[in-house]
Amino acid sequence: MYRAVTDSGQVIEGVYEANSEWEVLAMLRSNEYIPISIEYKEKENPIFPYFTKKITKRDLAVFCRQFYTMLNAGVTIVKCLNILEAQTENKVMRKATRTTLDDVQKGMTLSEAMRKHDTVFPNLLVNMVEAGEISGNLDIIMERMAMHYEKENKIENKIKGAMIYPIVLGVVSIAVVIFLLVAVMPTFINMFESSGVELPAPTRILLNISNSLQNQWYIYLASILVLVLGVGYFGRQESGRLFIDSLKLCMPVIKNTNIKVATSRFTRTLSTLLSSGIPLLQALDVVSKIVNNKFLSYKLENAKEEVRKGVLLSRAIKEIRTFPPMVDSMIKIGEESGSLDEVLCKSADFYDEEVETAVQQMTEILQPILVIIMALIVGFIVIAMALPMFDMVNAVHI
């Protein structure tokens, strides 16, 4: 995106796709435009946004850890960015680092340059970098952020690892049912039809499902595709995201895990911000945007407004009625002792362990539920195929 002045003095704005800033400048000069500003923006895929390479917590952790190591060794910010740009594996982050380096060399502060890439560098990281620049402790800030994202990455990996078995079990179950209906069931159809025995209701239902899967499979495929795309579109809307995220905090099986993950993220992030000198209201504003739950974000926004009016943070958090009771109690202790950041840090460590326990409990509940569902479905198929066989045997004896 660029802004420029024409030869007649008119200010124009536009978007130009290029591989570098120099190509944009060359285009502007060829049109006799005087450039005012050029802003880099990563090209997005509007049709398949999920196929775009995303920045993971691990990428951010490595970025901050390497940045801290070089700053602590006395390397300048420009040299740090130059080295990071050369060795970063993620292409999206590499481009953002390159543009950040160019902006810093032009006179921008590091936080200003990073803020232009909000899809790469989170608001939390940018605010922390800005605090580090003001206080002169950028290396310490980068170390804290490295630890922060390392813990976030650890929690995410635990959740993903715990969900592998239930997902695999669910996929295998669906594949087995489809195989029975499409490959096994047809072998019995001719036998049932030639026997002349009246088929029981379960068998007729199963035959209809089997026939539809074989002859109208494209309808099922299209329905699944429409459902997936519809849910994805609904989840990207404001109201849809709010509805889905509110369900995450009240559904029986996943409620406990989601609440503890949100609590861990809230306490750790707020502790990191406060310990770095970020004012409480600004810290709450940042935290409300990174809890990864729209419903909880609205609640935290309301809590921030209550704190702005003079209400204690512990009381405002208690009114949210989502976090465990221990959280507002610990915050109250921190307010009374003047060590809120330290108390929040200890709470975050506690809930990090609680997340691991909650994830394990969730998988222990999901696994037998999936096995029972699988057993009921397969059992229904077996019974539906066996019932007419018994009727055929009885007819032969008679």
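Of the residues making up segment 87-102, those that are over 24 Å from residue 290 (Cβ atoms) and open to solvent by less than 80 Å² (accessible area, probe 1.4 Å) are 101, 102. In segment 347-360, the residues that are within 18 Å of residue 270 (Cβ to Cβ) form Cβ pairs under 7 Å with partners that are among the hydrophobic types (A, V, I, L, M, F, W, C), at six or more places apart or across chains, as follows: 347/327; 347/330; 352/155; 355/155; 355/261.
For beta carbons closer than 8 Å, sequence separation of 6+ or different chains, a first residue in segment 297-312 that is more than 14 Å from residue 266 (Cα to Cα) and a second that is surrounded by fewer than 18 Cβ atoms within 10 Å (Cβ to Cβ) and β-branched (Val, Ile, Thr), the qualifying pairs are 302/320.
For segment 290-326, the set of residues classified as buried (at least 17 other Cβ atoms within 10 Å of the Cβ), among the β-branched types (Val, Ile, Thr) and outside any helix (DSSP H, G or I) consists of 291, 322, listed by residue number. Scanning segment 233-274 for residues being among the acidic types (Asp, Glu) and closer than 23 Å to residue 347 by Cβ gives a total of 1. When segment 279-289 is limited to residues that are of a type outside the set (Gly, Ala, Ser) and either crowded, with 17+ Cβ neighbours inside 10 Å or over 14 Å from residue 306 (Cα atoms) (or both), the one that is farthest from the chain's Cα centre (by Cα) turns out to be 279. For segment 124-150, filtering for residues that are under 16 Å from the mean Cα position of the chain (by Cα) and either crowded, with 20+ Cβ neighbours inside 10 Å or free of Cβ contacts under 8 Å to residues at least 24 places away in the same chain (or both) leaves 2. When 246, 212 are checked against the criterion of being open to solvent by less than 70 Å² (accessible area, probe 1.4 Å) and either under 30 Å from residue 258 (Cβ atoms) or not in a helix (DSSP H, G or I) (or both), a single residue qualifies: 246.
Of the helices (runs of 4 or more DSSP H) lying entirely inside segment 88-160, those carrying at least 3 residues that are within 24 Å of residue 258 (Cα to Cα) are 123-135.
The values are calculated or read from the model by the stated rules, or taken from the named source; none is laboratory data. What you see is a predicted model; the values in this text were computed from it and never measured. Heads up, the Cβs are rebuilt from the backbone with ideal geometry, glycines too, and the neighbour counts pull from every protein chain shown. The protein model used for the area step is the full one, side chains on, heavy atoms only, and it has no ligands, DNA or RNA in it. Shrake-Rupley method; radii C 1.70, N 1.55, O 1.52, S 1.80 Å.
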